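Structure record follows, encoded as structure tokens.
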Amino acid sequence: MSGHTDVFVGLLRQVHLFSELSDAELEQIAETAVTLRRARNQIIFDEGDSADFLLVLMKGRAKVVLVGDGAEEIILNFVEPFHIVGEIALLDRSTRSARLVAVEDSQFIKLSVTSFDALRNSNQVFAAKVIANVTGTLRESNDQLRVICTYRSLGKVAWCLDRLVRRKTINGSSATLDPCPKHHELAQMTGCSRETVSRALKTLKQKNCVTPGPGDAIQVHAAIARYTKRPWPGLVRNR
């Protein structure tokens with residue numbers, strides 16, 4: 001195994017989707033992998049582009065967005081290190097359904113569709129894991145649409161923060177969201193104005209649902225569940 005492949009295997013081992021693969025299987029997809037770097041605000045792929053690769057974010061941060069006629073954006077998701085993006089279009093050989101943009105200077109591992117397909121075809125457990133991952137992504141998008149269409153503004157912002165912090169390790173009654181999206185990013189995720197987001201955050205702070213953290217971080221507390229309509233995952237009821 002070359003040094004190049006060895007580095008990729010070590011990095012891919014930290015990605016949940018690939019964590020249970022054998023060394024030989026990881027080498028199989030790492031052998032054709034390449035590094036992809038993109039600067040802040042650069043488009044990585046666009047809606048309608050052909051889909052012939054899968055990306056794993058190693059450094060930086062990216063966002064998945066839909067762009068309207070007037071260049072308005074709806075942020076569907078943020079991609080953080082050691083998460084995959086772009087796998088949905090590989091399953092049905094369709095074009096990209098959204099735009100991927102670097103929020104920060106970012107570095108990806110680019111995996112070819114050929115090696116990805118070969119692994120899915122040879123490992124049914126991995127194939128099922130891919131489907132489960134895609135299903136989870138689509139369920140989140142459906143929930144986001146429901147929230148945008150049916151929740152009041154305070155509930156929209158609370159749900160958005162709750163959704164993002166659930167990707168972190170939650171132990172007990174609070175968890176750190178670092179970094180917290182900017183006000184305009186939260187507005188693009190919730191269909192609210194920046195002013196509405198600012199007012200909602202102020203209310204959530206007053207209700208002890210969120211508190212400021214160091215730098216760009218915030219602490220999200222279990223009290224936010226009163227606005228999200230779903231239980232806080234870190235709490236265990238005493239019997």
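Ligands, DNA and RNA left out, the accessible area of the range 21-132 computed with a 1.4 Å probe is 50% carbon and sulfur. With R₀ fixed at 30 Å, the C-beta to C-beta distance from ALA217 to ILE131 puts the FRET efficiency at about 0.35.
Rounded to the nearest 20, the Cβ-based charge dipole of the range 1-119 about its Cα centre (Lys and Arg +1, Asp and Glu -1) stands at 380 debye. Scaled against the 2.2 N^0.38 Å expected of a compact globular protein of N residues, the Cα radius of gyration of the chain reads 1.08.
Distance between the modelled labels on VAL34 and ASP52, one decimal in nanometres: 1.1 nm (7 Å Cα→Cβ projection).
Taking GluC sites (Glu not before Pro) as exposed when DSSP calls them loop and at most 15 other C-beta atoms lie within 10 angstrom, the chain has its longest site-free stretch at 105-239.
Hey, for a label at LYS207 modelled as a point 7 Å past Cα toward Cβ, could you say which residues of the range 140-162 have their backbone N under 18 Å away? Zone members listed by number: 147-162.
Of the trypsin sites (Lys or Arg not before Pro) found in the range 14-58, those that fall in a DSSP loop while having at most 16 other beta-carbon atoms within 10 Å are ARG40. A full extension of the chain between HIS16 and SER94 corresponds to an added length of 25.6 nm, given 0.36 nm per residue minus the alpha carbon distance. Less than 17 Å apart at the alpha-carbon level, and either on another chain or at least 8 residues along: which lysines does that give for LYS202? Straight-distance partners of LYS202: LYS156, LYS182.
Against the chain, whose longest principal axis comes from its Cα atoms, helix 194-206 is set at around 70 degrees. Solvent-accessible area per residue in the chain equals 52 Å², computed with a 1.4 angstrom probe and all protein chains kept. Less than 5 angstrom separates the built amide H of ILE44 from those of LEU100, VAL101, ALA102, all sequence-distant by 5 or more or on a different chain. Averaging 1/r over each pair of different alpha-carbon atoms in the range 12-136 and inverting the result gives 14.9 Å, the Kirkwood hydrodynamic radius.
The values are calculated or read from the model by the stated rules, or taken from the named source; none is laboratory data. Bear in mind the structure is a predicted one, so any value in this text is a computation, not a measurement. Here the Cβ is made from the backbone with ideal geometry for all residues, glycine too, and neighbour counts use every protein chain on show. All accessible areas refer to the heavy atoms of the entire protein, side chains included, with ligands and DNA or RNA removed. Shrake-Rupley method; radii C 1.70, N 1.55, O 1.52, S 1.80 Å.
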